[in-house]
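To start, the structure itself, in structure tokens.
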Amino acid sequence: MTASGTFGNGVEFDDFIDINKLGGILLKGTTLHHREGNDYPRMAETPSGMLNAVGLQNKGAQYFCEHIYPKVARYNTKVIVNVNGSTIEEYIELTQQIAELEHIAAIELNISCPNVKEGGMAFGTSCPMAEQVTRAVRKVYPKTLIVKLSPNVTNIVEIARAVEAQGADSISLVNTFLGMAIHAESRRPVLSTITGGLSGPAIKPIALRMVWQVAQAVKVPVIGMGGIMNATDAIEFMIAGASAVQVGTANFIDPLITMKIIAGIEEYLNRHKMSSVNELIGSLQM
Amino acid sequence: MDKKVCDLLIIRNIKLNHDNYLLELESDELLGTIVPGQFVNVLVPDAPSTFLRRPFSIHETNISNNRFSILVKVVGEGTRKLGLLQPGNHLNVIFPLGNGFSRPKNYEKILLIGGGVGIAPMMHMARESKELGAEIHILLGARTDKDHILIEDFSKHGPVYLTTNDGSLGVHGFVTHHPVFSADHHFNRIYCCGPDPMTHAVAAKAAQLDIDCEVSLENMMACGFGVCLCCVTSTTSGNQCVCTEGPVFNTKQLKWQI
Ligand SMILES: Cc1cc2nc3c(=O)[nH]c(=O)nc-3n(C[C@H](O)[C@H](O)[C@H](O)COP(=O)(O)OP(=O)(O)OC[C@H]3O[C@@H](n4cnc5c(N)ncnc54)[C@H](O)[C@@H]3O)c2cc1C
Ligand SMILES: Cc1cc2nc3c(=O)[nH]c(=O)nc-3n(C[C@H](O)[C@H](O)[C@H](O)COP(=O)(O)O)c2cc1C
Ligand code: FES
């Protein structure tokens, strides 16, 4: 699968790959109302990664349903909407609108965006709030509900258990890590928002540890991500217990990367005489 | 035109002066249409500290032999590595990206302005505009005489005017100080690419003279093809991605304080 915010609405990749070969695509973060996002600069390259501070720029739910949905509905893969809000009411209203759309297979409830002042990550960093928003959205969404966790917490297992108890069908992790970059010569922050979300290989070992911990603690399938750049990275996440993986920042560097990762996983399975990825999931040898 | 990711063969890498390189690249497939002002996004080989791709304007094309060139000014690790590449090496490139400059009409008189490495897209633009029958004038600005490159190649397409910040070649000062603006030229349009302060000054000058003006922006990019939303500029229709809605904008679209 592709990670939200790194794959546009899929259509941007039509020139490069056959999207139907993917397990699923996560569309870019959507909010109930139109958002302009943060000011430029929104990006800083950092060692083995990048910081972003996009701030959920999107045209809102109505535009999504009228203009984007018709384009993505034609894909023959699981199309998943990344749902964001700054209040519980916003999450509910947006979810209700998305629930009406036949070809949207699932929603990914983003309670982990570090780049918006109000809400966002606040829901993902406190157990009671994570429970509250998951419970509220569960009530209005009959299809598959994925909850995406923030890594910016001291105990990710607690939050994972809390959202599972409230009816999450699956848990995805991790979103970006809160970080910052400073331009030493001018002594100014690089990003307009001062802090931003770190992604890419720089975060992989921490993401892998969190996926491993969460996979052991919950029964629902876990979707792992964070710095996956090649098939071996993806395989490591599956060995740690992820039932599926999402590829994010790597799409920027190589728009063909998802196809290469799929081929690489197949090659690994053949080489290790495994008949399916299920043999791989959670197969860490201790 | 479809975007593609390809390994292109480096035919030549010419060192033009102390910090500028001209890389000529060849595709083994048909290039397709490339519009002046479009750019490419290059994966710098063997440069672990260069995590993201690096965007460069297409400098000139040669469609008949599937070649195009990029002009690279060394400013950091990625561009330094590109300068070291040898003919025979390959470069992984995503292209063509963005929208180019508008096409001038055959009766139009246009001024192309390039500052520093911002001269890059102007060679392709000058040649194609001339082929379309437009009258081309070219104004190039650089810090010193040593920083001025490719003047002879530009002069094949029309009169070239020069400025330097230190007065070592051409008119002393910035491009906007050049008398080509005060002469009775009546340009139909100005096309401009260069550092931010320069493009702002040119936009202000164009507004003052009531000349239509297009600028090519160089915002920091993570993807270059419209998926990360990192490269935005503030326009009359909200934040727009420079990589897909630009990099060329008419200055009327931009919310610049000029
Ligand atoms: C659409 C577009 C077209 C471009 N065309 C050309 C071209 O034709 N020729 C050319 O030489 N360069 C061009 N550039 C700029 C070029 O992409 C950067 O110089 C290059 O990415 C620097 O990489 P580096 O690893 O050498 O430097 P880094 O180590 O990444 O940076 C060195 C310094 O340059 C600054 N810098 C890096 N990128 C930019 C940028 N985009 N804008 C302003 N400052 C920057 C950094 O802040 C830093 O201070 C273009 C940029 C864009 C967005
Ligand atoms: C530019 C950018 C925009 C992102 N936007 C979103 C978003 O809208 N919603 C979301 O849940 N995650 C978003 N993310 C986080 C990614 O989906 C992913 O969780 C994170 O980048 C870690 O994976 P990676 O290291 O493979 O990129 C964004 C990441 C980047 C780099
Ligand atoms: S650079 Fe990614 S959207 Fe423009």
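The values are calculated or read from the model by the stated rules, or taken from the named source; none is laboratory data. None of the values given here were measured: they were computed from a predicted structure. Every residue, glycine among them, receives a Cβ derived from its backbone with ideal geometry; neighbour counts consider all protein chains shown. With ligands, DNA and RNA removed, areas are computed over all heavy atoms of the protein, side chains included. Shrake-Rupley method; radii C 1.70, N 1.55, O 1.52, S 1.80 Å.
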Calculate the translational D of chain A in whole µm² s⁻¹ from Stokes-Einstein, where the hydrodynamic radius comes from the Kirkwood formula applied to all Cα pairs, the temperature is 25 °C and the viscosity 0.890 mPa s.
130
Can you tell me how the stretch A:1-114 classifies by the Cα gyration tensor, rounded, prolate or oblate, using a/c under 1.5 as the rounded cut?
oblate
Placing each pseudo-label 7 Å from Cα in the direction of the beta carbon, B:Leu84 and B:His177 end up separated by a distance in nanometres of 3.8
Can you give me the Cα centroid spacing of the stretch A:53-96 and the stretch A:222-286 in angstrom?
27
How much of the accessible area of chain A, probe 1.4 Å, is carbon plus sulfur, in whole percent?
53
Given a 10 angstrom Cα cut-off, can you work out which residue in A:Val220, A:Val153, A:Val54 is the most mobile in a GNM of chain A?
A:Val153
Calculate the FRET efficiency for A:Glu158 and B:Val75 from the Cβ-Cβ distance with a Förster distance of 56 Å, rounded to the nearest 0.05.
0.75
Expressed to one decimal in nm², the mean projection of the alpha carbon convex hull of the protein assembly as shown is 26.2
Output the relative contact order of the stretch B:99-258, whole-number percent, from Cα pairs under 8 angstrom with separation of 6+ residues.
20
Rounded to the nearest 500 deg cm²/dmol, what is the calculated helix-only ellipticity per residue at 222 nm for chain B, with -39500 (n - 2.57) per DSSP H run of length n ≥ 4?
-4000 deg cm²/dmol
Rounded, prolate or oblate: pick one for the stretch B:136-195, where a ≥ b ≥ c are the square roots of the eigenvalues of its C-alpha gyration tensor, a/c under 1.5 means rounded, and failing that, prolate if a/b is larger than b/c, else oblate.
oblate
Reduced to Cα centres, the span from the stretch A:127-144 to the stretch B:244-258 in Å works out to 42
In chain A, whole DSSP H helices that both stretch 30 Å or further along their axis by alpha carbon positions and average at least -0.5 on the Kyte-Doolittle scale are none
Could you tally the net charge around B:Ile63, taking each other residue with its Cβ under 14 Å from the Cβ of B:Ile63, Lys/Arg +1 and Asp/Glu -1?
-4
Which of the pairs B:Lys105/B:Lys146; A:Lys28/A:Lys139; B:Lys4/B:Lys205; A:Lys148/B:Lys255; A:Lys71/A:Lys273 have their Cα atoms more than 29 Å apart in this structure?
B:Lys105/B:Lys146; B:Lys4/B:Lys205; A:Lys148/B:Lys255; A:Lys71/A:Lys273
How much accessible area per residue does the stretch A:11-279 have, counting only protein heavy atoms and a probe of 1.4 Å, in square angstrom?
42
Say R0 is 56 Å: what FRET efficiency, to the nearest 0.05, do B:Lys130 and A:Asn76 get from their beta-carbon distance?
0.70
Order by protection proxy (mean Cβ within 10 Å, highest first), peptides A:99-107, A:228-236:
A:228-236, A:99-107
What does the charge count near B:Ile149 come to, summing +1 for each Lys or Arg and -1 for each Asp or Glu among other residues with Cβ under 14 Å from its Cβ?
-2
Find the relative contact order for the stretch B:4-97 and round it to a whole percent, using C-alpha pairs within less than 8 Å whose residues are 6+ positions apart.
41
So how far apart, in nm, are the two label points at A:Asp39 and B:Met220 if each is 7 Å from Cα heading toward Cβ?
1.5
With the crude spin-label approximation of a point 7 Å out along Cα→Cβ, what separation in nm comes out for B:Leu16 versus B:Thr236?
3.4
Which whole-Hz ³J(HN,Hα) couplings does the stretch A:174-191 yield from phi under the Karplus relation 6.51 cos²θ - 1.76 cosθ + 1.60, θ = phi - 60°, glycine and proline marked x?
10, 7, 6, 8, 5, x, 8, 9, 10, 8, 4, 4, 9, 6, 10, x, 6, 8
Env charge @ A:Gln213, Cβ radius under 12 Å, K,R +1 / D,E -1, value +1
Nearest 5 percent is fine: what portion of the DSSP beta bridges confined to the stretch A:11-279 is antiparallel?
40
Translational diffusion coefficient (Stokes-Einstein; Kirkwood radius from C-alpha pairs) of the stretch A:112-236 at 25 °C, 0.890 mPa s, in µm²/s
159
Kyte-Doolittle mean at least -1.0, axial Cα span of 15 Å or more - DSSP H helices of chain B:
B:196-209
Antiparallel DSSP beta bridges within the stretch B:109-257, percent to nearest 5
25
Residue-normalised value, i.e. accessible area per residue, for chain B at 1.4 Å probe, in Å², stands at 41
Of all DSSP beta bridges having both residues in the protein assembly as shown, the percent classed as antiparallel (nearest 5) is 50
Taking chain A and dividing mean pair separation by its residue count, relative contact order in percent (alpha carbons under 8 Å, at least six apart):
17
Distance from the stretch B:135-195 to the stretch B:42-106 (C-alpha centre basis), Å
24
Would you calculate a helix-derived [θ] at 222 nm for chain A, using -39,500 (n - 2.57) for each DSSP H run of n ≥ 4 and dividing by the full residue count, to the nearest 500?
-8500 deg cm²/dmol
Semi-axis lengths, Å, the stretch B:109-257, gyration tensor of Cα atoms, sqrt of 5 times eigenvalues:
25, 17, 16
Short to long, in 10 Å steps from zero, the percent of alpha-carbon pairs of the stretch B:13-172 per bin is 10, 38, 36, 15, 1
All alpha-carbon distances of the stretch A:183-265, grouped into 10 Å bins from 0, give the whole-percent distribution 18, 40, 25, 14, 3, 0
